[in-house]
Amino acid sequence: QVQLVESGEGLVQAGGSQRLSCAASGPSSSSINMGWFRQTPDKEREFVAAITWSGGSTTYGDSVKGRFTISRDNGKNTVYLQMNSLKPEDTGIYYCAADSSMDIWNWVLPGAEFEYWGKGTQVTVSS
């Protein structure tokens, strides 16, 4: 069992920065791949970023490459998403996800299923 709790909800001006956190707990939380998705009411789920359990590999969605950075602190079982140069289209609910076996390069695939999800945190970017 793994529980995921996101934090970092807030309102940010376009061009600004914000950091999201996802804290994992449970008996398997130290050896799982983790990442982020986002959702708006009129769009499909969109992949944002993922990182391997060791932190040695990362991957990003095309829309955030060069602006967002994912990292993790295994001592705290926490994954971070540093968001820079934010745009209004980055607005949405950001969900933390985790999986014990799925290759992070498959996280972008439509319909991919994940073992664990957080409840989400709202990010609003104003123009």
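The values are calculated or read from the model by the stated rules, or taken from the named source; none is laboratory data. If you're wondering where the values come from, they're calculated on a predicted model, not measured in any experiment. Note that we place each Cβ from the backbone using ideal geometry, even for glycine, and neighbour counts take in every protein chain shown. Accessible surface is based on the protein model in full, side chains and every heavy atom, while ligands, DNA and RNA are left aside. Shrake-Rupley method; radii C 1.70, N 1.55, O 1.52, S 1.80 Å.
Worth pointing out:
- Odd one out for D62 among (1) within 15 Å of E46 (Cβ to Cβ); (2) open to solvent by less than 50 Å² (accessible area, probe 1.4 Å); (3) part of a loop (DSSP other than H, G, I, E, B): (2)
- Qualifying position, being in contact (Cβ under 8 Å) with a residue 24 or more places away in the chain, more than 18 Å from E113 (Cα to Cα) and loosely packed, with under 14 Cβ neighbours inside 10 Å, among S54, S21, S17: S17
- Residues (among the acidic types (D, E) and over 13 Å from the mean Cα position of the chain (by Cα)) located in region 40-92: D42, E44, D62, D73, E89
- Residue match in region 91-106 (condition: open to solvent by 70 Å² or more (accessible area, probe 1.4 Å) and aliphatic (A, V, I, L, M)): no
- Within region 26-51, the set of residues being under 22 Å from G111 (Cα atoms), in contact (Cβ under 8 Å) with a residue 60 or more places away in the chain, assigned to a loop (DSSP other than H, G, I, E, B) and open to solvent by 20 Å² or more (accessible area, probe 1.4 Å) comprises just one member, E44.
- Scanning region 107-127 for residues that are within 15 Å of the chain's Cα centre (by Cα), of a type outside the set (D, E) and open to solvent by 50 Å² or more (accessible area, probe 1.4 Å) turns up V108, W117, K119, Q122.
- For region 64-77, the tally of residues that are modelled with pLDDT of 95 or more and either in contact with a helix residue (DSSP H, G or I) (Cβ under 7 Å, 6 or more places away or on another chain) or not basic (K, R) (or both) stands at 6.
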